[in-house]
Amino acid sequence: MRRLATYMITKDEPETLVAAVERAIAAGVERVQIRLPGVAGRNVERIVGSLVARDTGLRKRLIVNDRLDVALAMGLAGVHLPRNGLLPADVRRHVPEGFVIGVSTHRVEEVMEAGRGGADFVVFGPIFETNSKPGHKGVGLAQLERAVAQTSVPVYALGGIAPKHLVGVAETGAAGVAGISMFSSEAALGELSSWLS
């Protein structure tokens, strides 16, 4: 199977976030999005600071959700923008070279728009039913394949993805998988250990 890139999205639990990120990175997860909705910027900065203080190399692997100010202040890899957030092209004018901009998308048209608008990558989903989107069946692998075909930027599949889905996701041409619970617990990481190494 073609190797998929890995993108962890943190849960909304600041007190356990640092340990969860360290576990995921140690297991082989390549990039982490710090997602702390409703948490004040200075507190997000403090949490990120505690992570990079333990491992300065993490700066190149961390992205902050919807907090461009924190990403720039901390010298992080980039920012992840919500679907209705800042436009990637507007952000691009104010960030250093090499700064990465991701965008959340839920429909193929949104993937196309984000790619044309200057995003470096998109997260697309939910692909399958997930606890974070109760009642939503997911768009399925056929829509993921269609999204991948409609843009030149990397597409990360998100939502309800488990180890049993990885072959199918890879066959769509997606660049990687993004996940919350998939990368957050020791048990889940153990299940993925052979694939992450």
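Conditions (1) crowded, with 16+ Cβ neighbours inside 10 Å; (2) of a type in the set (D, E, K, R), marked per residue:
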| residue | (1), (2) |
| --- | --- |
| 71 | yes, no |
| 105 | yes, no |
| 113 | yes, yes |
| 116 | no, yes |
Checklist entry - Which of the residues belonging to the stretch 43-82 are over 15 Å from the mean Cα position of the chain (by Cα) and outside any helix (DSSP H, G or I)? => result 55, 74, 75
Item to check | Which listed residue is more than 14 Å from residue 156 (Cβ to Cβ), buried (at least 19 other Cβ atoms within 10 Å of the Cβ) and hydrophobic (A, V, I, L, M, F, W, C), from 29, 48, 123 | outcome: 48
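Between 176, 159, 168, which is over 16 Å from the mean Cα position of the chain (by Cα) and either of a type outside the set (D, E, K, R) or farther than 24 Å from residue 23 by Cα (or both)?
Exactly one residue qualifies, and that residue is 168.
Quick note: the coordinates plus some simple rules give every number you see, no bench work behind them. None of these values were measured; they are calculated from a predicted model. Cβ: placed from backbone, ideal geometry, glycine included. Neighbour counts: every protein chain shown.
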